[in-house]
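Undergrad: Below is a structure I'd like to ask you about.
The values are calculated or read from the model by the stated rules, or taken from the named source; none is laboratory data. Please read these numbers as outputs of a predicted model, since none were measured by experiment. Don't worry about glycine lacking a Cβ; one is built from the backbone with ideal geometry, like all the others, and counts go over all protein chains shown. SASA here: full protein model, heavy atoms, side chains in, ligands and nucleic acids out. Shrake-Rupley method; radii C 1.70, N 1.55, O 1.52, S 1.80 Å.
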Amino acid sequence: MIPCSHIHFGLISISRAAIFILAHCVGGILGALALKAVVNNVIERTYSLAGCTVTIIAPGQHGPTEIGLGTSQALWLEIICSFVFLIASVWMAFDRLQAKDVGRVMVCVIIGIVLGLLVHISTTVTATKGYGGAGLNPARCLGSTVVTGGHLWNGHWIFWTGPAIECAAFALYVKMIPSMDSVISRESDHNLPTKSSAENHEAAILKERQTLKATFFACIGAHEFSSPEMWKAALTELVATASLMFTLTTSIVSCLDSHGTDPKLLVPFAVFIIAFLFLIVTVPVSGGHMSPVFTFIAALKGIISLARATIYILAQCVGSITGFLILNSVMNHDAAKKYSLGGCTIDGNGSTSGVSPGTALILEFSCTFLVLFVGVTIAFDKRRSKELGLAMVCAVVAGAMAVAVFVSISVTGRAGYPGVGLNPARCLGPALLRGGSLWDGHWVFWIGPCFACIIYYGFTKGLPKEGLIWEDGELDFVNLAAPALCCWRSRTPLDVNGKGLSIVTQNH
């Protein structure tokens, strides 16, 4: 485990942390000694006693040559992988309410999956011989280095400095995000208003009606522009989207580069696991959108205001660009060129091996509608989401995304079409950075999902109300589009906190 994570969260004292870190280091050395006593000498030399390596000395044409990863790239990977590890698993473990809902076993399973996934993608995304992957545990790296020595000391500081920088950055980030306790208390107050607040509300409504301008601003939720909690939630969307883009893209590239019989079939499993992990962590904080698709449908349903939706989508696009910038700096150049930096294409290897824009548009619309119908319908149903619980709802949404990806890559049978985007922000990042063919048909990845959201919104208006308890808000698009409803209907000023999927966490 990253040794500084407990310190920054204040869960243990500094003195206890110092003793713990010392114990970790001694344990790492003892473990390396035990491994050295039983392992074969050839294996020990080949794998450097499972140590953390940035470079190795290998035979070359002109004598021994140092090969491996550059110092800056290795440091970047250590920081990013450590940050993703904290945001995708440890953050949830330190949230008492969420950890209690999910259960200790599930929390431990998620931490183990994220840890293994990050080590795997850190080695495959660089495709560099000599680099042993992200350490994610300085004590583990220290043990093999002390016992074996030699080239393991080259760049050893990276495996300490990277996690230390990341822990400091993550602690600062956590201080800036919305507090879950404050969100729950505000929503509870909103559900049970006092008499005085109701009187104040009526006075505020009368004042709003005085001018059309004030009414318009109230309809779009302009008051949220001055809300610190909204900007904190938007920051969460930015950071989560950047982390998601890095993790998801590297995992997909790893699957495609696995040299299996049909590596594309591994992609849906990667999508499910990673989407589930990020949803279960970010839903209680910002709503877990990380995609303009979920933000747009939440705005149409009135769960978030138009003002918040605008800032969310902007944050998601910036997050996508940031994530792909980081990925571009550490990814192997050949792999980045081969897979177009994980971008969304409709004819990746030429028009003969791709699909037409019309076919891609139909697939984008159909698959997005599938995700909305299967996943979002449950997430926006307050009764069913409460019965299923946060983990199951996130699993359903992630499963719907994985099924949509599987359908899109299998039904066309075209090697140049990598599947649906399902996230316009994810497609925007590589297009801006790489350009070229990524702009061909790029509009498909925006128009298709947006059209699917509009059709799904109209479809939900015709669903029977007996079996569903919709999470419809006062800022529903119908209310905004009908001036009579918007101006004359007595409305409650919403302090909406971006809870698209987060309704499942409101159990008290």
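Undergrad: How high is the FRET efficiency between Lys100 and Phe459 when r is their beta carbon distance and R₀ equals 45 Å, given to the nearest 0.05?
TA: On the way: r = 36 Å, r/R0 = 0.80.
The value I calculate is 0.80.
Undergrad: Taking Cα centroids, how far is the stretch 287-302 from the stretch 227-241 in Å?
TA: Comparing the Cα centres of the stretch 287-302 and the stretch 227-241, I get a distance of 14 Å.
Undergrad: How much solvent-accessible surface does Leu11 expose, in Å² to the nearest 10, with a 1.4 Å probe and all protein chains in place?
TA: The accessible area comes out at roughly 100 Å².
Undergrad: Please list Lys338, Lys264, Lys36, Lys301 from largest to smallest accessible area, probe radius 1.4 Å, with all protein chains kept in place. Walk me through the numbers on the way to the answer.
TA: Details: Lys338 130, Lys264 50, Lys36 85, Lys301 5 Å².
Heavy-atom accessible area, descending, gives Lys338, Lys36, Lys264, Lys301.
Undergrad: Something else now. Each residue of the stretch 386-394 in order: what ³J(HN,Hα) in whole Hz does its phi give by Karplus 6.51 cos²θ - 1.76 cosθ + 1.60, θ = phi - 60°, with x for Gly and Pro?
TA: Running phi through 6.51 cos²θ - 1.76 cosθ + 1.60 with θ = phi - 60° gives 6, 5, 6, x, 4, 4, 5, 5, 5 Hz.
Undergrad: Could you tell me what percent of the accessible area of the stretch 405-457 is made up of carbon and sulfur, with a 1.4 Å probe and every protein chain present?
TA: Details: 1360 of 2030 Å².
Ligands and nucleic acids excluded, carbon and sulfur give 67 percent.
Undergrad: Separation between the Ala168 and Leu11 pseudo-spin-labels, each 7 Å from Cα along Cα→Cβ, expressed in nm?
TA: Roughly 2.2 nm, to one decimal.
Undergrad: So how many Å³ per residue does the convex hull of the Cα atoms of the stretch 14-147 work out to? Display every interim value, and only then the final one.
TA: On the way: hull volume 18.4 nm³, N = 134.
For the stretch 14-147, the hull spanned by Cα atoms encloses 137 Å³ per residue.
Undergrad: Related question: Calculate I(q)/I(0) for the stretch 243-365 by the Debye formula, one identical point scatterer on each C-alpha and no solvent, and give its log10 at q = 0.15, 0.21 Å⁻¹ to two decimals.
TA: Rounded to two decimals, the profile gives -0.87, -1.36.
Undergrad: Can you give the accessible area of Asp440, probe radius 1.4 Å, in Å² rounded to 10?
TA: Accessible area, nearest 10 Å²: 80 Å².
Undergrad: Want the number for Ile362 to Ser226: 0.36 nm per residue separation, take away the alpha-carbon distance, what's left?
TA: Length gained, Ile362 through Ser226: 45.0 nm.
Undergrad: From the Cα gyration tensor of the stretch 390-440, with a ≥ b ≥ c the square roots of its eigenvalues, which class applies: rounded if a/c is under 1.5, or else prolate if a/b is larger than b/c, or else oblate?
TA: Working: a/c = 4.76, a/b = 1.51, b/c = 3.16.
Oblate, since a/c reaches 1.5 and b/c is not below a/b.
Undergrad: Turning to a different aspect of this structure: Suppose all protein chains stay in the model; what accessible area per residue would a 1.4 Å probe give for the stretch 360-407, in Å²? Numbers along the way, then the final one.
TA: Working: 1780 Å² over 48 residues.
Result: 37 Å² per residue.
Undergrad: Lys/Arg Cβ at +1, Asp/Glu Cβ at -1, dipole of the stretch 228-327 taken about the Cα centre: which of Pro263, Thr241, Ile313 is farthest positive-ward?
TA: Working it through, the farthest residue towards the positive pole turns out to be Ile313.
Undergrad: At a 10 angstrom cut-off on C-beta neighbours, averaged per residue, how do the peptides 455-462, 216-223 rank from highest to lowest? Let's see the in-between values first.
TA: Details: 455-462: 14.2, 216-223: 18.4.
Taking the mean over residues of other Cβ atoms within 10 Å, the ranking is 216-223, 455-462.
Undergrad: In addition: Using a Förster distance of 25 Å, how high is the FRET efficiency between Thr261 and His333, based on the Cβ-Cβ distance and rounded to 0.05?
TA: On the way: r = 27 Å, r/R0 = 1.09.
Taking R0 as 25 Å, the efficiency between Thr261 and His333 is 0.40.
Undergrad: What whole number of Å gives the distance from the Cα centroid of the stretch 316-339 to the Cα centroid of the stretch 77-104?
TA: Computed from Cα coordinates, the inter-centre distance equals 24 Å.
Undergrad: Ok, one more. If each of Trp153 and Asn41 carries a label point 7 Å out from its Cα toward its Cβ, how far apart are those two points in nm?
TA: 2.3
Undergrad: Of Ile378, Ala360, Cys427, which is farthest towards the positive pole of the stretch 331-431's charge dipole, taken about the Cα centre with +1 and -1 on the beta-carbons of Lys, Arg and Asp, Glu respectively?
TA: So the residue we want is Ile378.
Undergrad: Accessible surface of Ser13 in the full protein assembly, 1.4 angstrom probe, to the nearest 10 Å²?
TA: Number for this one is 60 Å².
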